[in-house]
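Taking it in order: structure first as structure tokens, then the write-up.
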Amino acid sequence: MSGIMEDGAEQVTGEIDVSAIRERFRVAMEEEKNQGQTVPKIAQKAGIGTSTLYAFMQGTFSGENANVARKLASFLLTREARKQTRATVRRAPGFLKTTTAGQIFAVLEYAQSEPDMAIICGGAGIGKTTAIHAYQAVGSNVWIMTAEPAINTVASLLDMLMDGLGMEPGFRGSTMSRRLKQRLTGSEGLIIIDEAQNLRPVLRDQLRSTVFDAAGIGVALVGNESLDSQFARERATGQYAQLISRFGQRVNRPKPYGSDVDLLLAAWGIQGAEAQEVAMKIALMPGALRQMNKTLKIAFSLSDLRAGSEEPSAADIKEAWKQLGGAG
């Protein structure tokens with residue numbers, strides 16, 4: 001197309017066919033809308049105002065149409081490049097019922113059915129978050145909220161809970177706690193807090209009071225290894241005994257099981273012994289299965305560059321790991 005270079009959106013310069021861009025964008029906009037995107041969101045992604053987009057598409061824009069067309073052409077180039085990348089990049093396997101995932105499922109099932117309070121701790125990338133979302137997908141009345149450092153007051157915690165339950169937050173902590181109790185009592189549900197290491201002890205105790213004690217449903221705290229260390233310190237000092245004593249089932253898995261890695265490698269289709277050995281070493285480093293998945297995505301791209309290659313070699317995996325900043 002006149003004035004549009006294939007090297008990147010930043011090179012959409014010179015004369016441009018406004019009518020052709022309008023028609024191409026009309027097709028793209030329909031595809032975006034079919035994927036659930038609104039016109040304001042599409043306009044935002046294209047870098048123009050919603051009213052400008054409507055006027056341009058209707059042929060009534062009184063400003064410089066060529067400038068709008070260039071922005072839309074840039075959007076189209078970026079969109080096409082993204083589609084090509086998604087089409088060629090090998091996707092990681094979906095949820096697999098690894099040994100670690102099976103243990104997490106068992107703890108969540110117990111916490112919900114008894115009900116009880118549970119702790120799930122583990123190293124980064126062993127599949128904790130994937131497992132809890134898989135449990136939610138097959139469960140009933142399972143709510144997952146993710147704690148972050150900004151959740152640092154009782155009010156912000158209660159607000160997070162209400163938002164996660166689709167409730168309008170209140171202005172007073174006591175009111176929110178009471179409404180949460182009313183909403184959750186009798187639900188036989190389970191509240192799962194991911195990244196729970198970000199919650200101070202007083203906030204975890206508020207969860208105990210509002211959700212477990214008052215509403216009578218299960219609570220599962222999921223976090224990294226520091227969460228277990230926090231509980232160990234509190235247990236040793238006798239602080240928050242009313243909270244510590246409530247916890248029953250626990251999972252603490254610093255690294256994935258070898259069988260977890262084997263299952264994932266089989267799902268990726270990695271069959272070479274040397275390639276499996278290299279991938280296994282990566283999976284047992286900090287970052288675990290997540291790092292291995294990222295590495296294998298790149299490794300498959302590298303293997304695609306070699307004619308006749310069906311799976312990455314050990315050398316491909318080592319090179320991919322190096323590109324991710326790994327060593328050794």
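The values are calculated or read from the model by the stated rules, or taken from the named source; none is laboratory data. Keep in mind it's a predicted model, so treat the numbers as computed, not measured. FYI the Cβ positions are ideal-geometry reconstructions off the backbone, even for glycines, and counts take in every protein chain you see.
Here are some notes:
- Count of the range 135-157 residues which are among the small types (Gly, Ala, Ser) and surrounded by 14 or more Cβ atoms within 10 Å (Cβ to Cβ): 4
- Residues satisfying the stated conditions in the range 180-228, i.e. surrounded by 23 or more Cβ atoms within 10 Å (Cβ to Cβ) and among the charged types (D, E, K, R): 204
- The test for being touching a helix residue (DSSP H, G or I) at 6+ places or on another chain (Cβ under 6 Å), in a helix (DSSP H, G or I) and touching a residue at least 40 places away in the same chain (Cβ under 8 Å) does not hold for residue 303.
- Of all residues in the range 95-115, those that are of a type outside the set (A, V, I, L, M, F, W, C), touching a helix residue (DSSP H, G or I) at 6+ places or on another chain (Cβ under 6 Å) and surrounded by fewer than 20 Cβ atoms within 10 Å (Cβ to Cβ) total 1.
- Total residues in the range 53-72, condition more than 34 Å from the chain's Cα centre (by Cα) and more than 21 Å from residue 15 (Cβ to Cβ): 3
- Residues satisfying the stated conditions in the range 238-277, i.e. of a type in the set (D, E, K, R) and out of contact with any strand residue (DSSP E or B) (no Cβ under 7 Å at 6 or more places or on another chain): 255, 260, 262, 274, 277
- Per the conditions (1) over 23 Å from the mean Cα position of the chain (by Cα); (2) among the hydroxyl-bearing types (Ser, Thr, Tyr); (3) surrounded by fewer than 21 Cβ atoms within 10 Å (Cβ to Cβ), the sole criterion not satisfied by residue 257 is (1).
- Residue match in the range 158-165 (condition: charged (D, E, K, R) and either crowded, with 19+ Cβ neighbours inside 10 Å or under 19 Å from residue 215 (Cβ atoms) (or both)): yes
- Listing of helices (runs of 4 or more DSSP H) fully contained in the range 177-269 that carry 1 or more residues being in contact with a Pro (Cβ under 8 Å, 6 or more places away or on another chain) and either assigned by TED's automatic domain parsing to the domain that holds residue 123 or aliphatic (A, V, I, L, M) (or both): 225-237, 241-244, 258-268
- Annotation note: of 105, 56, the sole residue that is without any contact (Cβ under 8 Å) to a residue 40 or more places away in the chain, within 30 Å of residue 270 (Cα to Cα) and assigned to a helix (DSSP H, G or I) is 105.
- Conditions (1) surrounded by 15 or more Cβ atoms within 10 Å (Cβ to Cβ); (2) among the β-branched types (Val, Ile, Thr); (3) closer than 30 Å to residue 115 by Cβ; number of the one not met by residue 298: (3)
- Some residue of the range 166-176 being modelled with pLDDT under 95 and polar (S, T, N, Q): yes
- Among the conditions (1) of a type outside the set (D, E, K, R); (2) outside any helix (DSSP H, G or I); (3) within 22 Å of residue 227 (Cα to Cα); (4) free of Cβ contacts under 8 Å to residues at least 12 places away in the same chain, the only one that residue 166 does not satisfy is (3).
- Index of the failed condition, residue 51 passing every other in (1) assigned to a loop (DSSP other than H, G, I, E, B); (2) of a type in the set (Gly, Ala, Ser); (3) surrounded by fewer than 14 Cβ atoms within 10 Å (Cβ to Cβ): (1)
- Total residues in the range 124-134 satisfying the condition of being in contact (Cβ under 8 Å) with a residue 40 or more places away in the chain and crowded, with 19+ Cβ neighbours inside 10 Å: the figure is 5.
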